[in-house]
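Readers should treat all values here as calculations from the given coordinates under stated rules, not as data from a laboratory. Nothing here was measured: the structure is a model prediction, and the numbers come from that model. For neighbour counting, all protein chains shown are included, and Cβ atoms are generated from backbone atoms with ideal geometry for every residue, glycine included.
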Amino acid sequence: MTDGGFRPRPAWSRDSVMLRMPGAISLDDVSDEWVFGGADGSGVRVAIVDSGIDADNPELDGCVDADGAIEFSVDREGGLVTREGPHDDSFGHGTACAGIIHSIAPKAEITSVKVLGPGLSGKSIAFHAGLDWAVDQGFDVVNLSLGTRKRDWALAFHDVCDRGYFTNSLIVTAANNVQSVSYPSLFASVVSVACNTTDDPLRYHANPEPPTEFLARGIDVPTLWKGHTTSVQTGNSYAAPHIAGLAALIRSKHPELRPFQVKTALWARAGNVVESAPPEIAGRLSRVMSATSLTRLRARA
Amino acid sequence: MTQSTTEPPRPTYQAIVQAAVEATGSAGGWLLAVGEGAFTVLAVHGHDGRANDRIGAQVAADGAAGFVATSGQPAAMQISADDADNIGAGGGVGTASAILAVPCGSEEVIGVVELVDPAAGAYSFDDVEVVSMLADVAGAAMTETGTGSTPPSPASLALGLERLAAGDAGRYAAVARAVESLL
């Protein structure tokens, strides 16, 4: 047994009849309607591990659980400091991610896990502690628009990401913008995301060259920012929450799906996978998105 | 901010920052080394040359550069007029309308290249990519001079250079100048 309630179970070798899964669907059934139709994120809990979130931003419509927020930082002696309760965004990045996710999955509940604040030292400790906490809390989706290049932390992040994978937390990470290592975006247990060139927040692609698995909008993205301001941002940091929002839609409609199945559903409806569909449908969800989501997205555009 | 030295800018750092400024059409920029709780200014280019006075100065680890140093992710942003916290970025002169900050270092973030005010009004993803390449070179340069830890591998640098050359030869030339000054 490991920490966080994760208990490895034995693998069984039985005839497939014994392991039959009533109601299991085939890939042929995975249509836009089946994957996303009518979904709005209801019942889904999303953690954003970042610089904090301005929970009182009116554009977020109260979707942020301010009282459930938590902050991890490092004191002068290098010790980890944990503080529960409401906090603000130190930079604007976390609020930007929250705004993107909320625009796609408006009914999802968002919790801020603040690991980036003033100062430069000990951030990997705080980052790891924040992700570990989010996995322990069983969030359905965890957005990580940050990473660490420190190899010393690779194993620790690998362990917590695997634990999230097996305990049903889908971890969505921003890939590095250049060809250098960034953890945990290199791990198979996470969904790693980079930018595509679209200005459509709902259009995404499957990347044929892993470890980055999906490409979503991340260029000139209009975002919320700290202090109730707005900004226009570019980077993989903003592609990840688009996929996190879409994953929140899937998990709200199909809570029974495991992380690898959510990945599969995303892959099945990616723009470059749905080649035979008419252009207005291929890779887009607009035909089946909830009216609320569409209204918000149009307003944001 | 405190002035701390009269040491001239290292030519390599200066070449990297100049290449980044010119490749992106920025008004100015600087290279910052990550220190204990603050940045140290290693090189500055642009801003009417006034910013050279700042070489060796300690600057607060906040704003876009501070975020980049801690998150490991580049930041390219257009600044709204009411975001006063971004005043002083990118060389400490004036108010920026757009900022691009990119981390340096292969295994950990040891520095940040930060640019401001591109002629185009906003930084493109191509700008992010070319400055990321230059930041990799900066990371190698900082390692060579004992400021950092481990340089990027020649293979990863070559891969990035080939990608840039395929897409935009002009940008590749800027990177090549910086690499030449490093050798």
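The mean number of partner chain beta-carbon atoms within 10 angstrom of a residue's beta-carbon across peptide A:140-148 is 2.
Peptide packing for A:186-192, A:89-95, B:55-61 was compared via the average number of neighbouring C-beta atoms within 10 Å per residue; ordered from the highest value, the list is A:89-95, A:186-192, B:55-61. Figure legend: label point modelled 7 angstrom from the Cα of A:GLN261 along Cα→Cβ; residues of the range A:32-70 with amide N under 15 Å from it are A:34-36. Ordering of A:262-274, A:96-108 by packing is A:96-108, A:262-274, highest average first (other Cβ atoms within 10 Å, averaged per residue).
Database remark: amide H of A:LEU170 closer than 5 angstrom to the amide H of A:VAL141, A:VAL142 (H placed geometrically; neighbours at sequence offset of 5 or more, or on other chains; Pro and chain starts carry no H).
Panel order for B:ASP136, A:ASP65, A:ASP40, by other beta carbons found within 10 Å of each beta carbon, from fewest to most: A:ASP65, A:ASP40, B:ASP136.
Amide H contacts for A:ILE110 (H built 1.01 Å from N in the peptide plane; partners 5 or more residues away or on another chain; cut-off under 5 Å): A:VAL46, A:VAL64, A:ASP65. Seen from every direction in turn and averaged, the convex hull around the alpha carbons of the range A:199-240 projects onto 3.2 nm². Spin-label model, A:ILE25 to B:ALA60: label points 7 Å out along the Cα-to-beta-carbon direction sit 5.1 nm apart.
For peptide B:98-107, the mean count of partner chain Cβ atoms within 10 Å of a residue's Cβ comes to 3. Here is the list for the range A:69-140: GluC sites (Glu not before Pro) lying in DSSP coil, each with at most 13 other C-beta atoms within 10 angstrom of its C-beta, are A:GLU77.
Compared with the direct C-alpha span, the chain from A:GLU84 to A:HIS254 gains 58.1 nm at full extension, assuming 0.36 nm per residue.
Measuring nothing but how far apart in sequence close Cα pairs (under 8 Å, 6+ apart) lie, relative to its length, the range A:56-116 scores a relative contact order of 46 percent. Whole-Hz Karplus values for the range A:225-231 come out as 9, 5, x, 6, 9, 10, 7 Hz, taken residue by residue from phi with 6.51 cos²θ - 1.76 cosθ + 1.60 and θ = phi - 60°; glycine and proline positions read x.
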